[in-house]
1. Once Rh for segment 44-138 is found with the Kirkwood sum over Cα pairs, what is the Stokes-Einstein diffusion coefficient at 10 °C and 1.306 mPa s, in µm²/s?
2. For K173, which aspartates and glutamates qualify as cross-link partners when the Cα separation must be under 18 Å and same-chain residues fewer than eight apart are set aside?
3. Counting every Cα pair in segment 104-145, what percent are over 13 Å apart?
4. Of the cross-linked pairs K128/K159; K128/K169; K73/K159, which ones have a Cα-Cα span greater than 19 Å in the structure shown?
5. How much of the accessible area of segment 40-142, probe 1.4 Å, is carbon plus sulfur, in whole percent?
6. How would you classify segment 125-176 from its alpha-carbon gyration tensor, with a ≥ b ≥ c the square roots of the eigenvalues: rounded for a/c under 1.5, else prolate if a/b is greater than b/c, otherwise oblate?
7. Whole angstrom only: what separates the Cα centroid of segment 129-176 from the Cα centroid of segment 22-74?
8. How large is Rg/Rh for segment 94-168, to two decimals, with Cα atoms and a Kirkwood Rh?
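The values are calculated or read from the model by the stated rules, or taken from the named source; none is laboratory data. Everything numeric in this text was worked out from a predicted model, so none of it was measured. With ideal geometry, Cβ positions are generated from the backbone for all residues, glycine too; neighbour counts draw on all protein chains shown. With ligands, DNA and RNA removed, areas are computed over all heavy atoms of the protein, side chains included. Shrake-Rupley method; radii C 1.70, N 1.55, O 1.52, S 1.80 Å.
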Amino acid sequence: MARKLTFLILTFSTVLSIGHSESLAAEPKILVAYFSRTGNTREIAYLIHSLIGGDMFEIQPVVPYPADYEAVKKKAMEEQEASYKPALRSKVKDFGSYDIIFVGSPVWWGTLPPPVSSFLSEYDFSTKTIVPFCTHLGSGQGRTISAITELCPQSKILKGIAIRGDAVKGAKKDVSEWLRMNGLTGAETRQDSVPQR
Ligand SMILES: Cc1cc2nc3c(=O)[nH]c(=O)nc-3n(C[C@H](O)[C@H](O)[C@H](O)COP(=O)(O)O)c2cc1C
């Protein structure tokens, strides 16, 4: 599906002059990174990827969270209170080459789950554009944006989107509109790769 990425021309184009008459525009490189325990955020990540392309990366803690809801709520609260940042299972290959990084997350106790805080702390996002998205059960994006801003104070952070976990199946229209509002519609990126896990 061939589409054009308006945003890259406006914001990211690197114009390489060749002689005095020709020029080439380098397209921005996009990464869609996400953490998802029960699949809602993953679904939105795949939707974004289907609309805009780029590479994918799943943020996974070395030690997975319990399947039991009460147990995970307790563990998450303890970790968040201690500002604990769990070790992650894998690394993004060639992180420095990405220009735009979508960061997807469920809302946990009104903010980012610890593995997403780990992810944002592990890499240098200072020259990156972060595009936040989250899923939730009614609280909206809560304090996720301020948490991202705190961890990545130098990054450009675009407007985020919050999707209810029970509405992910019908989210295509809203997600497409959000991409368009952020100037990211109609991507044709230079890579459409197998997801990194
Ligand atoms: C530990 C924990 C804390 C949560 N806290 C919130 C919350 O503060 N607000 C909210 O609306 N939903 C909360 N939820 C619900 C999740 O955000 C929601 O189910 C989300 O869509 C799950 O995404 P996932 O399937 O990608 O893991 C919480 C879920 C868990 C497990």
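1. In µm²/s, the coefficient is 110.
2. E43
3. 52
4. K128/K169; K73/K159
5. With neighbouring chains kept in place, the figure for segment 40-142 is 55 percent.
6. Verdict is oblate for segment 125-176.
7. Each part's Cα centre sits 12 Å from the other's.
8. 0.97
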